Structures are given as C-alpha cells and as structure tokens.
1. Please go through (1) assigned to a helix (DSSP H, G or I); (2) surrounded by fewer than 10 Cβ atoms within 10 Å (Cβ to Cβ) for Ser50 and return the number of the only condition it doesn't satisfy.
2. Identify all residues within region 51-72 that are of a type in the set (D, E, K, R) and within 17 Å of the chain's Cα centre (by Cα); write none if there are none.
3. Residue by residue through region 1-18, note down the ones that are among the charged types (D, E, K, R) and either touching a Leu at 6+ places or on another chain (Cβ under 9 Å) or not in a helix (DSSP H, G or I) (or both).
4. From the set of residues in region 61-87 that are outside any loop (DSSP other than H, G, I, E, B) and surrounded by 10 or more Cβ atoms within 10 Å (Cβ to Cβ), which is modelled with the highest pLDDT?
5. Between a residue in region 24-43 that is assigned to a helix (DSSP H, G or I) and any residue that is basic (Lys, Arg), which pairs come within a Cβ distance under 8 Å, given they are 6 or more apart or on different chains?
Amino acid sequence: MTMKNLTISLDDDIHQASRVLAARRGMSMSRLVASLLERETRTEAEDEDSEARRLRMEAVERFINGPKFEIAVDGKMPTAEERNARR
C-alpha cells in the first residue's frame, strides 16, 4: 500500500494530549492520527451502508403493505389455465 504524507496543525493542548495518548498506546503520532482517520472513514462508510439498507427495507415494506389484489373468485383461486388465459 502506498502511503501519503500529511501535515496538520494542532492546538498546543491537543498536541500534548495526543502525544500522551500515542505513548500510552505504544504508537507514533503518525500512526495514532492514521488509525483515528481510518476508524472515522470506516464508520462513515458503515453509516452510509446502514442508511442504504434502511431505505431498501422501507421499500420492501411499502411493497408488502401496498394495495391488495383480489384474485379469488367465489372464494376459489383461479386455475393455471384461467390465470394464463388471454383476455
């Protein structure tokens, strides 16, 4: 995988806190920032997938709950010939 360099500016307090966090986790500042960005990017993609899944489920529910068709005649289902008869 090709890696790209990134330069960022941080407030002094954030810089110090993130250095401490990286040290506690046993990683470099670069690796800490990369892991945080990876997690945020993955979370965003998962949220988009969840939204798409929700929209698909709503469409299925609308279809299932849509208008009902009366196909029985006198309480009987039509035969295959009756269903396929040209009208």
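1. (2)
2. Looking only at region 51-72, we keep the residues that are of a type in the set (D, E, K, R), and these are 51, 53-54, 56, 58, 61-62, 68, 70.
Residues satisfying the conditions are Glu51, Arg53, Arg54, Arg56, Glu58.
3. First, the residues of region 1-18 that are among the charged types (D, E, K, R): 4, 11-13.
Within region 1-18, Lys4, Asp11 meet the criteria.
4. Filtering region 61-87 down to residues outside any loop (DSSP other than H, G, I, E, B) leaves 61-64, 73, 76, 80-84.
Those left that are additionally surrounded by 10 or more Cβ atoms within 10 Å (Cβ to Cβ): 61, 82.
On the way: Glu61: 86, Glu82: 82.
This residue is Glu61.
5. So the pair list comes out as Met29/Arg19; Leu32/Arg25.
The values are calculated or read from the model by the stated rules, or taken from the named source; none is laboratory data. Treat the numbers as computed from the prediction; the structure is a model and nothing was measured. Here Cβ is always computed from backbone atoms with ideal geometry, including for glycine, and neighbour counts include all displayed protein chains.
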